[in-house]
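The structure appears below as C-alpha cells.
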Amino acid sequence: MAENKKESGKTDAKEAVLPPKSDFSEWFNSIIDIGQIMDVRYPVKGLYVWYPFGFGIRKRVYGIIRDIMDNSGHEETLFPLLIPETEFMKEADHIKGFEDEVFWVTHGGVTPLDVRLALRPTSETAIYPMYKLWVRSHADLPLKLYQVVNTFRHETKHTRPLIRLREITSFKEAHTVHATWEDAKNQVDEAVGLYTDIYRKLSVPVLISKRPDWDKFPGGDYTIALDTIMPDGKTLQIGTVHHLGTNFAKTYDIMYENAEGEQEYVNQTCYGISERSIAALISVHGDDKGLVLPPAVAPTQVVVIPVLFKDTTEAVMKACNDVVSSLKEAGIRVEMDASDLRPGAKYYKWELKGSCLRIEIGPRDLEKNSAVLVRRDKGEKQFVSLDGIAETVTAELKQMGDDLYAKADEKMKSMITPCETLDEVTEKIKGGVATIPWCGCEECGMKIEEETNASILGTPNMDTEIRKGKCPACGKDAEQIVYIAKMY
Ligand SMILES: Nc1ncnc2c1ncn2[C@@H]1O[C@H](COS(=O)(=O)NC(=O)[C@@H](N)CS)[C@@H](O)[C@H]1O
Ligand SMILES: [Zn+2]
C-alpha cells in the first residue's frame, strides 16, 4: 500500500498533528491513528482493526514471543473459541471472576442453542476438559502448551485500543501441567523469566510483583504480574503468571498415575500476554515526533534518502541502490524514499513511522565515499563510510535497542519513590509508583488502597527490595514493602 497516497478514510499524516507526548492520553490516541497502528472506527465498542503497518509491528512482537516460548519447551496449539456453559460454569471462583465479562452465543441461525456457548474470555475451561483426556501418567508431564488467539471480555471500564479491548486480538496464553506444586512453582519462576526476556527484547523495563490475594487470578493460588510505568505515571499490567495449584485439576478431574502407581491431582500454571505489549513499547519509547520503534520490531529499520541534484542524480541513485541491496543482503528491513517529497517532509514521515535509522547520500558524501546516518532516538548526524555499511548499520541497530532499554529503565526507576506516609504516597503516585511498608494483612491493604485511591500492585518479587518500617494503616512492624500506583 503506497504510503503517501491518501488511503480511503486514512487521516493523512500532514493534516493530523500529533499532540506533544506530555499530553500522553491525547498523544496515544493520535499515534494509534496517524501512526497507522489500528483503525478505531469499527462499529462495535472495544473492537478495533489492525492497519497493515501496525500489524507488521504485531507480527514481529509475536515472532519474538513465539521464538522464546518455542525455545523453552512449550508447544503451540489451538483450542476452540466456543465453550459450553456446562464446562465454563464448573470452577466457582473462575465463574465469579468472569461472569460479568463473558459474551454468550445463544442461537445457531434462528434456532436457539440447547446449551449456551461462551466466547472464551481466557481458555482454562476450553482446555482443561481436554487435558483430563490427555494426561494419564507422570510420563505425560510436564505438559507445556500455548496458543495465540483472540479472546473476548465485556470490559465495563473505559475501552482503549491496545490497552483495554473487548476483543483481545493477540492473547498469548500458556497452560502447563506438572506432577507437584513445587514443579508448578518452578514453572511460574521460569515463565516470569521468559516474560522478562520478551520485554528486554522489546526494550521495555518491567516491575515484577506478587499480586495481593484479592487481586490474583480467579481460581488461582497466586499471581505474579509484570507492570510497566506509562509516561503519565500510571502502570499497565503487561503480563501475568498464575500458579493454579490443584484447583482446576480437582474441578476438571485431571489426575495422573505417579511413580508409585497412585492417582494424584496435577498442579497447573497459566500465563498470558496481550497486545498491551505493543501499547507498552509504543508508549515507553515514542516521542513528540511519533513512533520510536525498537529495531527488533520496526517494520522499516532503515530508510535511505537520496539527496538529488540535476547533474549527479545517476551517481547518487546508484550509490543508494547499492546501499539498499547490501543492507537487504544483511537481513535488514530497508526502504528507499526517492519520492518527490521535500527532504523535510520525508524526515517527518519516516520519523512519525518510527524507522530506526535514516541514511542520506548526496554528491558531497559520494566524493568522500561516505553517507550521513541519523538514529531516530538520538537525532544526531553521523558520517559513516560506505565501505562496510551493512556491518555499521547492524551494529548501530543493536546499540539502539540496548540504548532504548537503558534509557527506559533509568526513567522507570526515577518514577518509583519510597514513601513513609500515605499522604506522601498520594502525592507521588501522581507521577509514578510509590513504595511503602505493609504488614501484609488484607484489611490494612484495603485501607491503604482506599486512602490513596490507588491500587496495591503487590510485593516486589525480588528480595532486594526489603525495607523494614511501620505499616501506615496499623502501625505494626512491617517486613515487606508494596508498590502502589494508579493502574490502567
Ligand atoms: N481487556 C484487555 N485488553 C487487553 N489486554 C488485556 C485485557 N485483559 C487482560 N489483558 C492482558 O492479558 C493478560 C492475561 O490476562 S489475565 O486475565 O491476567 N490472565 C489470564 O487470563 C490467564 N488465563 C493467563 S493466560 C493480562 O496480564 C493483561 O496484560
Ligand atoms: Zn497493617
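ILE456 falls short on exactly one of the conditions (1) free of Cβ contacts under 8 Å to residues at least 60 places away in the same chain; (2) assigned to a strand (DSSP E or B), and that condition is (1).
With respect to PHE171, is the statement that it is buried (at least 18 other Cβ atoms within 10 Å of the Cβ), near ligand 1 (Cβ under 9 Å from one of its atoms) and over 15 Å from THR269 (Cβ atoms) true? It is true that PHE171 is buried (at least 18 other Cβ atoms within 10 Å of the Cβ), near ligand 1 (Cβ under 9 Å from one of its atoms) and over 15 Å from THR269 (Cβ atoms). Selection within the range 272-330: residues that are acidic (Asp, Glu) and under 22 Å from the mean Cα position of the chain (by Cα). The member of this set that is nearest to THR394 (Cα to Cα) is ASP287. Where strands (runs of 3 or more DSSP E) fall entirely within the range 187-262, those with at least 2 residues that are touching a residue at least 60 places away in the same chain (Cβ under 8 Å) and buried (at least 20 other Cβ atoms within 10 Å of the Cβ) are at 207-210, 222-229, 235-245.
Can VAL292 be described as part of a loop (DSSP other than H, G, I, E, B) and surrounded by 15 or more Cβ atoms within 10 Å (Cβ to Cβ)?
Details: part of a loop (DSSP other than H, G, I, E, B): yes; surrounded by 15 or more Cβ atoms within 10 Å (Cβ to Cβ): yes.
So VAL292 fits the description; yes.
Any residue at all in the range 476-485 that's out of contact with any Cys (no Cβ under 7 Å at 6 or more places or on another chain), within 16 Å of ligand 1 (Cβ to nearest atom) and within 30 Å of ASP232 (Cβ to Cβ)? Spell out the reasoning first.
As a first pass, look at the range 476-485 and keep what is out of contact with any Cys (no Cβ under 7 Å at 6 or more places or on another chain): 477, 479-485.
Of the ones still in play, those that are also within 16 Å of ligand 1 (Cβ to nearest atom) are 483, 485.
From what's left, within 30 Å of ASP232 (Cβ to Cβ): 483, 485.
Yes; the residues of the range 476-485 include at least one that is out of contact with any Cys (no Cβ under 7 Å at 6 or more places or on another chain), within 16 Å of ligand 1 (Cβ to nearest atom) and within 30 Å of ASP232 (Cβ to Cβ).
Among the residues of the range 358-367, none qualifies, meaning not one is in contact (Cβ under 8 Å) with a residue 60 or more places away in the chain, of a type in the set (D, E, K, R) and crowded, with 21+ Cβ neighbours inside 10 Å.
On the given criteria, is ALA408 in contact (Cβ under 8 Å) with a residue 12 or more places away in the chain, small (Gly, Ala, Ser), touching a His at 6+ places or on another chain (Cβ under 9 Å) and assigned to a helix (DSSP H, G or I)? Full working, then the answer.
On the way: in contact (Cβ under 8 Å) with a residue 12 or more places away in the chain: yes; small (Gly, Ala, Ser): yes; touching a His at 6+ places or on another chain (Cβ under 9 Å): yes; assigned to a helix (DSSP H, G or I): yes.
Taking the combined requirement at face value, the residue satisfies it.
In the list LYS381, LYS398, LYS430, which residue meets the criterion of being under 30 Å from CYS471 (Cα atoms) and out of contact with any Ser or Thr (no Cβ under 6 Å at 6 or more places or on another chain)? Please lay out each step first, then the result.
Values: LYS381 fails: under 30 Å from CYS471 (Cα atoms); LYS398 fails: under 30 Å from CYS471 (Cα atoms).
Answer to the selection: LYS430.
Counted as qualifying within the range 338-398 are the strands (runs of 3 or more DSSP E) with 1 or more residues that are under 23 Å from TYR51 (Cα atoms), namely 357-361. Can you pull out every residue in the range 275-289 that is crowded, with 24+ Cβ neighbours inside 10 Å and part of a loop (DSSP other than H, G, I, E, B)? Matches in the range 275-289: GLU275 only. Among all residues of the range 294-306, there is none that is of a type outside the set (Phe, Trp, Tyr), within 16 Å of ligand 1 (Cβ to nearest atom) and under 20 Å from PHE24 (Cβ atoms).
Is it true that some residue in the range 382-405 is at pLDDT below 95, farther than 27 Å from SER30 by Cβ and either among the charged types (D, E, K, R) or under 21 Å from the mean Cα position of the chain (by Cα) (or both)? Show your work before the answer.
From the range 382-405, those at pLDDT below 95 are none; that's our starting set.
No, the range 382-405 contains no residue that is at pLDDT below 95, farther than 27 Å from SER30 by Cβ and either among the charged types (D, E, K, R) or under 21 Å from the mean Cα position of the chain (by Cα) (or both).
Filtering SER414, SER455 for residues that are within 16 Å of ligand 1 (Cβ to nearest atom) and among the small types (Gly, Ala, Ser) leaves a single hit, SER455. Tell me yes or no: at least one residue of the range 407-419 is within 16 Å of ligand 2 (Cβ to nearest atom), more than 21 Å from the chain's Cα centre (by Cα) and farther than 30 Å from CYS356 by Cα. Within the range 407-419, one or more residues are within 16 Å of ligand 2 (Cβ to nearest atom), more than 21 Å from the chain's Cα centre (by Cα) and farther than 30 Å from CYS356 by Cα.
Of everything in the range 263-274 that is among the polar types (S, T, N, Q) and assigned to a strand (DSSP E or B), the residue that is farthest from LYS346 (Cα to Cα) is GLN263.
Scanning the range 28-49 for residues that are crowded, with 19+ Cβ neighbours inside 10 Å and out of contact with any Asp or Glu (no Cβ under 8 Å at 6 or more places or on another chain) gives PHE28, ILE31, ILE32, ILE34, GLY35, GLN36, ILE37, MET38. As a summary of the residue check, HIS94 satisfies the conditions (1) crowded, with 20+ Cβ neighbours inside 10 Å; (2) modelled with pLDDT of 95 or more; (3) in a helix (DSSP H, G or I) except for the one numbered (2). Of all residues in the range 126-163, exactly one satisfies the criterion of being basic (Lys, Arg), in contact (Cβ under 8 Å) with a residue 60 or more places away in the chain and within 18 Å of GLY272 (Cα to Cα), namely LYS144.
Can you confirm whether the range 465-481 contains a residue that is more than 30 Å from ALA296 (Cβ to Cβ), within 16 Å of ligand 2 (Cβ to nearest atom), aliphatic (A, V, I, L, M) and touching a Ser or Thr at 6+ places or on another chain (Cβ under 6 Å)? Yes, the range 465-481 contains at least one residue that is more than 30 Å from ALA296 (Cβ to Cβ), within 16 Å of ligand 2 (Cβ to nearest atom), aliphatic (A, V, I, L, M) and touching a Ser or Thr at 6+ places or on another chain (Cβ under 6 Å).
The values are calculated or read from the model by the stated rules, or taken from the named source; none is laboratory data. All figures in this text were calculated on a predicted structure; none of them were measured in a lab. So basically every Cβ, Gly included, is an ideal-geometry build from the backbone, and we count neighbours across all protein chains shown.
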